[in-house]
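Chemist: Right, I'll just put the structure down here and ask away after.
What follows is calculated from the coordinates using simple rules that are stated; it is not laboratory data. In this text, all values refer to a predicted model and were calculated from it rather than measured experimentally. Backbone-built Cβ (ideal geometry, glycine too); neighbour counts: all protein chains shown.
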Amino acid sequence: MHLDYSFATLWPFALGLLFSGLCAGVLAGLLGVGGGIVVVPVLYHVFTALGIDQSVRMKIAVATSFAVILPTAIRSLRSHAERGAVDFALLRSWAPPVFIFTLIGTVLAGFASSQVLTGIFASAALIVAAHLAFGREEWRIGKELPKGAGKYALAGSIGGISAVMGIGGGTFAVPAMTLYGYPIHKAVATSSGLGIIISVPGIIGYIISGWHHPNLPPLSLGYVNLLGFLLITPTTVLTAPLGVRLAHALPRKRLIQAFALFLALTSIKMFMGLFKG
């Protein structure tokens with residue numbers, strides 16, 4: 001494993017990671033989102049600016065995002081559980097397909113190029129942005145969540161795409177649940193548990209697949225950057241309240257539009273980077 005512990009290499013890298021945590025925390029608090037959907041694109045752009053090799057740039061962003069998601073998801077699940085908002089029966093029912101397809105997605109991501117992962121994230125981010133910008137809360141595709149094969153297909157899809165994107169599952173699980181008439185607050189609370197189920201195999205898989213890669217940045221354990229985890233996790237916690245205060249000063253519709261714009265611009269910039277590369 002290639003590691004360079006020189007101060008000249010570490011200090012700009014550490015500053016870039018702190019900036020990532022600051023941006024992710026403010027955006028998470030401001031827009032009511034968290035996890036990889038904010039951390040991954042911020043990390044990707046910081047890694048680009050720092051000159052991290054393109055062959056590993058996206059994989060490190062995804063893997064490090066999972067490391068950040070795990071303690072956040074645990075804390076979030078406990079908080080929601082104390083309020084009685086978590087549907088543990090649904091969580092147990094969805095856990096097997098989510099876990100299995102997360103493993104499959106992580107293995108496939110290990111073989112895929114960083115450019116392919118970037119393209120998948122950018123495409124999915126555009127879909128989410130379009131849903132936020134043009135979707136309506138009253139839209140429904142069913143009266144209850146699917147069962148049997150439909151349940152495995154829905155939960156498995158959420159696990160698989162989340163593994164490739166480095167997100168905790170809520171980005172797709174919450175809108176999917178609400179489209180079937182599931183209460184929004186229970187959807188958010190229950191989805192926090194998916195973050196644990198998804199991030200654990202994600203972390204292990206990306207550590208194994210990136211273990212001997214020669215182009216890793218300093219202090220990396222496979223594709224998981226330990227310095228990124230140690231700097232981003234507390235920074236997001238500290239800066240999220242600033243975003244929350246800003247959120248209470250702005251109308252909900254504007255916040256949703258702002259997040260949709262953030263995702264759309266992120267997607268476009270990622271696509272542009274692929275074409276340049």
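Chemist: Net charge around Ala260, counting only other residues with Cβ within less than 11 Å of its Cβ (Lys, Arg = +1; Asp, Glu = -1)?
Modeler: The answer is +2.
Chemist: Can you tell me how region 194-234 classifies by the Cα gyration tensor, rounded, prolate or oblate, using a/c under 1.5 as the rounded cut?
Modeler: oblate
Chemist: Let me know the volume per residue of the alpha-carbon convex hull for the chain, in Å³.
Modeler: Enclosed volume per residue, from the Cα hull, is 118 Å³.
Chemist: Could you give the nm distance between label points at Ala89 and Ile256, where each point is 7 Å from its Cα heading toward the beta carbon?
Modeler: With each label point 7 Å from Cα toward Cβ, the separation is 3.0 nm.
Chemist: Assuming a strict under-26 Å limit between Cα atoms, what lysine pair count do you get for the chain once near-sequence pairs (fewer than 8 apart, same chain) are dropped?
Modeler: Counting lysine pairs in the chain gives 9.
Chemist: Next question, about the same structure. Defining a contact as two alpha carbons under 8 Å apart and six or more residues distant in sequence, what relative contact order in percent does the chain show?
Modeler: This gives 37 percent for the chain.
Chemist: Now, a different point. Between Lys143 and Asp53, what length in nm is gained on full extension when 0.36 nm per residue of separation is reduced by their alpha carbon distance?
Modeler: 27.7 nm
Chemist: What number comes out for the charge environment of Leu90, summing +1 per Lys or Arg and -1 per Asp or Glu over other residues with Cβ under 15 Å away?
Modeler: Result for the neighbourhood of Leu90: +2.
Chemist: For region 8-276, what is the charge dipole size about the Cα centre, in debye to the nearest 20, if Lys and Arg each add +1 at the Cβ and Asp and Glu each add -1 at the Cβ? All intermediate terms of the calculation are to be shown ahead of the outcome.
Modeler: Values: 18 positive and 6 negative charges, 94 e Å.
So the magnitude is around 460 debye.
Chemist: Something else now. With a Förster radius of 35 Å, plug the Cβ-Cβ distance of Leu265 and Arg245 into 1/(1 + (r/R0)^6) and report the FRET value to the nearest 0.05.
Modeler: Step by step, r from the Cβ atoms, then E = 0.90.
Chemist: Using mean Cβ contacts within 10 Å as the protection proxy, how do 229-236, 137-144 order, highest first? Before the final figure, lay out the partial values.
Modeler: On the way: 229-236: 21.1, 137-144: 8.6.
Most protected by this proxy first, the peptides run 229-236, 137-144.
Chemist: Compute the label zone of Ile100 within region 130-166: residues whose backbone N is under 14 Å from the point 7 Å along Cα-to-Cβ.
Modeler: Under 14 Å, as judged by backbone N against the label point of Ile100, lie 148-160 of region 130-166.
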